[in-house]
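The structure appears below as structure tokens.
The values are calculated or read from the model by the stated rules, or taken from the named source; none is laboratory data. In this text, all values refer to a predicted model and were calculated from it rather than measured experimentally. Please note: Cβ atoms are built from the backbone with ideal geometry, for glycine as well, and neighbour counts cover all protein chains shown. Accessible surface areas use protein heavy atoms only, side chains included; no ligands, DNA or RNA. Shrake-Rupley method; radii C 1.70, N 1.55, O 1.52, S 1.80 Å.
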Amino acid sequence: MSKLYDKKNNGTYVEFIFLKCIPGKFEGCQLNFKYYREHNKIYELNFGWTNVTIKNYIEVTTKFPLEMLNNFILNRTYSSFEKHLYQLEWKKLREDKTYHLRFFGSQQDFSIIVVDDAVRQFGRDLETEWKEGIRLAQ
């Protein structure tokens, strides 16, 4: 599982878990997303993303804050064509290397305050879990 904690409140965080993966560029994975505030689960969602979306999401987070992806200027927002959690937005705060991160989808709107290094580690954790899910599916 990959977790990203709020810098100001350790009990507030998001969590992604890969439930099932199907290898292939045009295939995808079933994921579980949870949002916690003060150690209480506020929201939970099982959803699917294509492997293309997962690959892009990992690139955006491992190289955070990324300015360009696939020759498109991000302008502090990553968007995909997915229904759930299709957008990740970030805004630089005054505090050094600190960002307001917003997870947004058709029925989701959650935010946390993060440090850039934590987002990059979160991206590396996602990548490790995704690769393991693909490996187990083969």
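To keep it simple, each residue is scored yes or no on (1) in contact with an Asp or Glu (Cβ under 9 Å, 6 or more places away or on another chain); (2) within 23 Å of GLU132 (Cα to Cα); (3) buried (at least 18 other Cβ atoms within 10 Å of the Cβ).
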{"residue": "THR12", "(1), (2), (3)": "yes, no, yes"}
{"residue": "ILE17", "(1), (2), (3)": "yes, yes, no"}
{"residue": "TYR36", "(1), (2), (3)": "yes, no, yes"}
{"residue": "THR61", "(1), (2), (3)": "yes, yes, yes"}
{"residue": "LEU88", "(1), (2), (3)": "no, no, yes"}
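Every condition in (1) exposed (fewer than 13 other Cβ atoms within 10 Å of the Cβ); (2) at pLDDT below 95 is met by LEU66 except one, and the failing one is (1). Only one of the numbered conditions (1) within 14 Å of the chain's Cα centre (by Cα); (2) free of Cβ contacts under 8 Å to residues at least 24 places away in the same chain; (3) surrounded by 15 or more Cβ atoms within 10 Å (Cβ to Cβ) is violated by ASP109, and that is (3).
Given the structure, is PHE64 under 24 Å from ASP6 (Cβ atoms) and touching a strand residue (DSSP E or B) at 6+ places or on another chain (Cβ under 6 Å)? The answer is no for PHE64. Look at (1) in a helix (DSSP H, G or I); (2) out of contact with any strand residue (DSSP E or B) (no Cβ under 8 Å at 6 or more places or on another chain); (3) open to solvent by 80 Å² or more (accessible area, probe 1.4 Å) and you find that ASN75 fails only one, number (1). With respect to the conditions (1) at pLDDT below 95; (2) under 16 Å from VAL60 (Cβ atoms); (3) acidic (Asp, Glu), GLU95 lacks only one, and its number is (2).
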